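Remarks on the structure that follows.
FYI, it's all coordinate maths here, none of it is from the lab. On a predicted model such as this, the values are computed, not experimentally measured, just so you know. Here the Cβ is made from the backbone with ideal geometry for all residues, glycine too, and neighbour counts use every protein chain on show.
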Amino acid sequence: MFVEFFPVVVTAYPADEDHAPLLVDPAAARIVRADQVADGDTVLASFSGATGRMPAADYFNDQYAAHPKPYDPTCGCGSCATMSDHEGPVVDLGDDNPWDVCDPWAASDLVLTIPA
């Protein structure tokens with residue numbers, strides 16, 4: 001089994017009108033690859049890329065519980081089709097989220113989560 005550790009520092013969660021209040025303890029936050037997100041993990045943020053020594057998180061307006069399911073680019077939700085031309089594996093973190101559509105990610109993308 002291969003384990004990859006990512007450094008993480010949780011700074012102030014955005015508290016403006018565009019972000020919902022954080023409902024979980026940010027001290028438990030972990031960075032994982034999208035293909036390592038487990039059922040029930042709370043998804044907090046994605047990463048747009050490295051900025052300096054550590055990647056910078058792009059917090060979502062609403063955190064949600066992941067319920068990974070097989071990725072199907074033909075499901076018709078409107079979101080899965082956006083990843084149909086992605087080269088490499090794609091994972092779907094589920095459709096039980098504030099947007100009510102599937103949430104496809106490149107398997108290697110980094111996700112800030114609170115483990116279930």
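Tabulated values for the structure
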| read-out | value |
| --- | --- |
| Segment residue 33-residue 116, extension gain: residue separation times 0.36 nm, minus the distance between their alpha carbons | 28.3 nm |
| Relative packing of peptides 64-70, 31-37, 75-81 - highest average C-beta neighbours within 10 Å first | 31-37, 64-70, 75-81 |
